[in-house]
Structure formats: C-alpha cells, structure tokens
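Okay, structure first, notes after.
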Amino acid sequence: MKQIFVGNFSVGNRPVDLFADPSSRDGHFTLNSDGPKAARIEVGIDKDWSRVVHVLVHEVFELVMTDAGHRYAPVPDYGMDNGGYYFHFDHTQFSHLTAKAGEFLSTA
C-alpha cells in the first residue's frame, strides 16, 4: 500500500516530512542532512491509535536526540543492530529536546 503524506512540520529549525504507512506497524526516521531536503518520519498505522502515537513519539524523540548529537552507537558494530544505540544528555538538554519534540507533536 502507498504511504500517505501527512504534512511538513518543524522540529526546532529542521523541517520534517511525516508519512503514514497503512501497511506497516513500525516506524523510522531519516535525517537527510545533505542540503535543504527535509528529514522524514514514517509511522505505520496498521494498528490501534495508541500504538500509532507510541511509534510517532518514539521516532520524533529519537530524531531530536540524534540531530542534537546525543545518540551513540558502539564501534565497531559488527551486528549492526539498532538496539545497540544509547543516548546521553543531562536534564537541561532533555528539556530542550522535549520542547522541540513537543512543538512537532502539537502541530502534527
């Protein structure tokens, strides 16, 4: 099934294109740091509404943490498993991240 473009919303000063995928139960994001192209969040909507919101919140928070340089991966990462990521920030940085994510979520 084709993805549905929901809209373009801001995360801080980064534009983000949000897509809904009727054939998926998962989500992911892409930063697209090359040039003016917007970042992208895709959220599966083949599930109940609370799960859709859960996936959306997860993806936007991971995007803002990654964009701000707070996501780390083990090196070397032979397994290439995204479960190996970890995040590091203090409470002030956390407040900044939640403000950016909240801006996105309130408009999306």
| request: Quote the charge dipole size of region 38-102 about the Cα centre in Debye, to the nearest 20; the model charges only the Cβ of Lys and Arg (+1) and of Asp and Glu (-1). | output: 140 debye
| said: At 25 °C and a viscosity of 0.890 mPa s, what translational diffusion coefficient does Stokes-Einstein give for the chain, taking Rh as the Kirkwood radius over Cα pairs? Give it in µm²/s as a whole number. | reply: 168 µm²/s
| task | Return an integer: the convex hull volume of the alpha-carbon atoms of region 67-108, in Å³ per residue. | result | 86 Å³
| Cα→Cβ-extended label distance, 7 Å offset, between residue 98 and residue 4, nm | 3.1 nm
| query | For region 1-41, what is the largest minus smallest coordinate of the Cα atoms on each principal axis, given in angstrom and ordered from greatest to least? | reply | 30, 16, 15
| What FRET efficiency would be calculated for the residue pair residue 77, residue 30, taking the C-beta separation as r and a Förster radius of 22 Å, to the nearest 0.05? | 0.75
| task | Give the long-range amide H neighbours of residue 45: residues separated by 5 or more places, or on another chain, with amide H under 5 Å away, using H modelled in the peptide plane at 1.01 Å from N. | result | 21, 23, 24
| On the accessible surface of the chain, probed at 1.4 Å, how many percent belong to carbon and sulfur atoms? | 55 percent
| remark: Computed over region 4-67, protein heavy atoms only, probe 1.4 angstrom, the accessible area per residue in square angstrom equals 52 Å²
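The values are calculated or read from the model by the stated rules, or taken from the named source; none is laboratory data. Quick caveat, the model's predicted, so the values are computed rather than measured. Every residue, glycine as well, gets a Cβ built from its backbone with ideal geometry; the counts of neighbours run over all protein chains shown. In case anyone asks, the SASA skips ligands and DNA or RNA and just uses the protein heavy atoms, side chains included. Shrake-Rupley method; radii C 1.70, N 1.55, O 1.52, S 1.80 Å.
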